[in-house]
Ligand SMILES: NC(=O)c1ccc[n+]([C@@H]2O[C@H](COP(=O)([O-])OP(=O)(O)OC[C@H]3O[C@@H](n4cnc5c(N)ncnc54)[C@H](O)[C@@H]3O)[C@@H](O)[C@H]2O)c1
């Protein structure tokens with residue numbers, strides 16, 4: 001039995017759910033009534049989260065899935081629909097970054113980041129879609145990045161996240177007749193392993209990032225989860241094709257000049 005809340009009776013599939021932003025989205029939506037399919041390449045960690053949620057009374061299935069592998073994705077979607085009877089919400093959150101100046105970008109870096117950030121979103125959407133169309137209802141929330149506007153030493157990452165904007169806008173138009181909303185949540189600096197691995201605490205660059213955020217703090221995974229939950233809810237029924245930056249004001253302009 002799912003909990004009361006704005007997602008009561010809804011089933012949601014969240015990728016990259018084992019930690020960071022994906023985990024925060026799972027906790028938020030599960031505690032507001034959603035039944036959850038949690039996908040992650042880290043099978044142990046995502047299983048621990050599903051077990052914790054089930055103990056709270058939230059129906060949650062964990063799947064060890066590489067979103068860049070279509071067979072894995074197909075299996076997880078089918079199992080989800082078998083258990084929850086439908087799929088209403090997809091959050092394409094799994095993401096990979098390989099920081100490097102452009103000239104140091106290897107073909108392996110290029111392929112690996114594109115495989116997770118773009119191909120993964122393509123596969124998950126492709127397999128979720130028939131179930132949404134069938135019920136004439138769906139909410140797809142992609143996780144982009146402020147880096148889609150440009151970021152030094154992130155050529156591949158920025159390219160994929162800019163691609164997510166086109167993916168979101170085009171799908172929004174194609175899927176609107178099916179009552180499926182597609183939006184993009186684009187975080188700025190959020191305190192997760194992905195950020196701290198690339199920006200060690202206390203380094204001059206990290207300090208500079210902190211000073212440049214107009215709201216003068218790092219974002220937290222919950223800041224992103226709140227926006228995702230809104231766009232995945234019926235409150236956002238007339239919003240589609242949009243990119244919402246969750247970045248403490250970073251995209252607005254510069255504080256210093
Ligand atoms: N943290 C930030 O500052 C920030 C900023 C902008 C955008 N984002 C985006 O937010 C999303 C979540 O990032 P995060 O900060 O929580 O990162 P994270 O590294 O903490 O978590 C990412 C999760 O995705 C999983 N994952 C990686 N590759 C996968 C694959 N092939 N298949 C399935 N799962 C896979 C990881 O195991 C991990 O659990 C990503 O799309 C990222 O690009 C993060």
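The values are calculated or read from the model by the stated rules, or taken from the named source; none is laboratory data. What you are looking at is a predicted structure, and each value in this text was computed from that prediction instead of being measured. As a convention, Cβ positions derive from the backbone with ideal geometry for all residues, glycine included, and neighbour counts pool all protein chains shown.
Quick notes on this one:
- Residue within the stretch 239-248 that is touching a helix residue (DSSP H, G or I) at 6+ places or on another chain (Cβ under 6 Å), part of a loop (DSSP other than H, G, I, E, B) and under 21 Å from residue 6 (Cα atoms) present: yes
- A Cβ distance below 6 Å, combined with a sequence gap of six or more or placement on separate chains, defines the contacts here; from the stretch 199-211, residues that are in a helix (DSSP H, G or I) reach residues that are at pLDDT 90 or above in the pairs 209/189.
- Qualifying residue in the stretch 94-111 (condition: farther than 30 Å from residue 59 by Cα and within 15 Å of the chain's Cα centre (by Cα)): yes
- Hits in the stretch 92-120 (condition: in a helix (DSSP H, G or I) and crowded, with 22+ Cβ neighbours inside 10 Å): 113, 117, 120
- Selection from the stretch 190-217 of residues that are touching a helix residue (DSSP H, G or I) at 6+ places or on another chain (Cβ under 7 Å) and surrounded by 15 or more Cβ atoms within 10 Å (Cβ to Cβ): 190, 192, 194, 199
- Output for the stretch 121-177, where each listed residue is away from the ligand (no atom under 16 Å from the Cβ) and assigned to a loop (DSSP other than H, G, I, E, B): 136, 137
- Filter result for the condition that a residue is closer than 27 Å to residue 98 by Cα and free of Cβ contacts under 8 Å to residues at least 60 places away in the same chain, over 214, 221: 214
- Residue check: residue 132 meets all listed conditions (1) over 15 Å from residue 251 (Cβ atoms); (2) in contact with a helix residue (DSSP H, G or I) (Cβ under 6 Å, 6 or more places away or on another chain) but one, namely (2).
- Selection status of residue 183, within 16 Å of the ligand (Cβ to nearest atom), in contact (Cβ under 8 Å) with a residue 60 or more places away in the chain, closer than 30 Å to residue 105 by Cα and surrounded by 16 or more Cβ atoms within 10 Å (Cβ to Cβ): yes
- Hey, residue 230 touching a helix residue (DSSP H, G or I) at 6+ places or on another chain (Cβ under 6 Å) and free of Cβ contacts under 8 Å to residues at least 40 places away in the same chain or not: yes
- Count of residues meeting criterion [touching a strand residue (DSSP E or B) at 6+ places or on another chain (Cβ under 8 Å) and free of Cβ contacts under 8 Å to residues at least 60 places away in the same chain] in the stretch 132-147: 8
- If you go through the stretch 37-62 and keep only what is crowded, with 22+ Cβ neighbours inside 10 Å and closer than 18 Å to residue 122 by Cα, you end up with 37, 38, 39, 40.
- In this structure, residue 34 does not qualify as without any contact (Cβ under 8 Å) to a residue 40 or more places away in the chain and surrounded by 15 or more Cβ atoms within 10 Å (Cβ to Cβ).
- Residue within the stretch 106-117 that is under 15 Å from residue 184 (Cα atoms) and in contact (Cβ under 8 Å) with a residue 60 or more places away in the chain present: no
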